[in-house]
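First up is the structure itself, then whatever we jot down about it.
The values are calculated or read from the model by the stated rules, or taken from the named source; none is laboratory data. Note that the structure is predicted; figures quoted are calculated from it, not measured. In this analysis, Cβ positions are derived from the backbone assuming ideal geometry, glycine residues included, and neighbour counts consider all displayed protein chains. For accessibility, only protein heavy atoms count, side chains too; no ligands or nucleic acids. Shrake-Rupley method; radii C 1.70, N 1.55, O 1.52, S 1.80 Å.
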Amino acid sequence: MKKIYLYVSKKFLTIFIFTAFAFGFIVLISELFRELGFYMEYKTPFFIIVQHLLSNIPWWIIQVLPVATLLALLFSLGDLAKKNEITAMKAAGINMWRIISLFMLLGFLIGGADLAARELIVPQTTEFNERIKKEKIKKEEIKVQTQFKNLIVSLPDNTRMTVGEMDAKAKIMKDIIIEKYNEDFYIERLVLAAEGVWENETWILKNGVVRDFDADFWDEAYFKEYNSKIRLKPNDFAFRKMRYETMNTYYFQKYINQMRMFGKTALKERIGLNIRYASVFCHLIVMMIGIPFALGIGPRFGKILSFTMALAASFAYWGVQAITQSLGENSILTPFMSAWLPNFIFLAIGIVLLARVKK
């Protein structure tokens, strides 16, 4: 049985690797023609063009992996069926679920490799790609915003800080209002200060007043210096808009937290983070959809029709992904459901289709 597993796996992986790189090459040529006007506008040297295009190949390959998985599955199983090797396996008493389980495992492993690439390889290459475009082609500096006006920051413990002006690079802020609310959203404390400076790992406020509110009375105290106990570092305020492909999960989550700290919903980014994990199972679901059609789920389906229906079902899956993502971005679905709902739907469809495969 081990030899059969190795034989089937080798047949599948050979087609899979060839298809993935073939699609990657096609996308590379397509991108070259699409960006040709851009390169000519900035008189980009040939070597820089090559660097810019090649550095994006890992990301393009990641995008075509699900299609490569489906085609490799259909061609490898189709070849086994064409040569009557599937019939020979059944005649030898091999339950087809053992072969199906092998493909399911391969789908899960490809998904794991996809996630690993998104975490370890793609952020590095995409960041390099961005730097080439900005610094070597457009001759621009990568902009990091360090100065803000009318900044609203969400803090822990039902606290909100409003800053009239901030310079994160100079580590100063002006016209500060800090409001702390209780669980019933009644204000408990109000701090007003003319300016604040970053000293000793905290923000020291200067020339202001603290007002503590109670149900029956409120107290007021003026100060020249006041320890706000806000531990947000100046670098935490420095903001640079980034593509999510350039970040691994740790920095992506940090980026989302920073956006939410500034009062933004970061809805697209939260959906993107959920999609990163949902995509691990994308290849497995493509396998579940493709296997029944590749093996023939009914005598009335010919090989060509089965192949076409497998492609149609898979593209329907990706279509539903696009729809749920759009619904999530319009706040109709939660970020979690917008990323995972297609998986739940087509997982159920895949189970029903697999149940019809002759063992």
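Give me the number: length gained by fully extending residue 101 to residue 345, i.e. 0.36 nm times residue separation minus the C-alpha to C-alpha distance, one decimal in nm. Each step should come with its number before you reach the end.
Values: separation 244, 0.36 × 244 = 87.84 nm, distance 2.05 nm.
Stretched fully, the residue 101-residue 345 segment lengthens by 85.8 nm.
One-quarter of the Cα convex hull surface for the chain, in nm²? Write down the numbers at each step before the final one.
Numbers: hull surface 100.2 nm².
Mean orientational projected area (the chain, Cα hull): 25.1 nm².
Contour minus end-to-end for residue 146 and residue 190, with contour as 0.36 nm per residue of separation and end-to-end as the Cα-Cα distance? Walk me through the numbers before you get to the answer.
Values: separation 44, 0.36 × 44 = 15.84 nm, distance 2.61 nm.
Length difference between fully extended and current span is 13.2 nm.
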A 1.4 Å probe over the protein heavy atoms gives the chain a carbon and sulfur accessible-area percentage of 62 percent
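Compute the length gained on full extension between residue 236 and residue 26: take 0.36 nm times their separation in residues and subtract their Cα-Cα distance, giving the result in nm to one decimal.
Details: separation 210, 0.36 × 210 = 75.60 nm, distance 4.08 nm.
That works out to 71.5 nm of additional length.
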Mind checking the per residue accessible area of segment 86-177 for me, 1.4 Å probe, whole number of Å²? 57 Å²
For segment 20-34 versus segment 83-111, the gap between their alpha-carbon centres in whole angstrom: 32 Å
List residues of segment 226-254, by number, whose backbone nitrogen lies under 11 Å from a label position 7 Å along Cα→C-beta of residue 262. 237-242
Between residue 157 and residue 81, how many nm apart are label points set 7 Å from Cα along the C-beta direction? 6.6 nm
To the nearest Å, what is the center-to-center distance of segment 303-359 and segment 142-185, using C-alpha atoms only? 43 Å
Accessible-area value, residue 47, 1.4 Å probe, nucleic acids and ligands omitted, Å²: 140 Å²
Cα to Cα, under 21 Å, and not fewer than 8 places away if on the same chain: which lysines meet these conditions relative to residue 264? 143, 149, 180, 233, 241, 254
Most to least accessible of 255, 226 (protein chains only, probe 1.4 Å): 226, 255
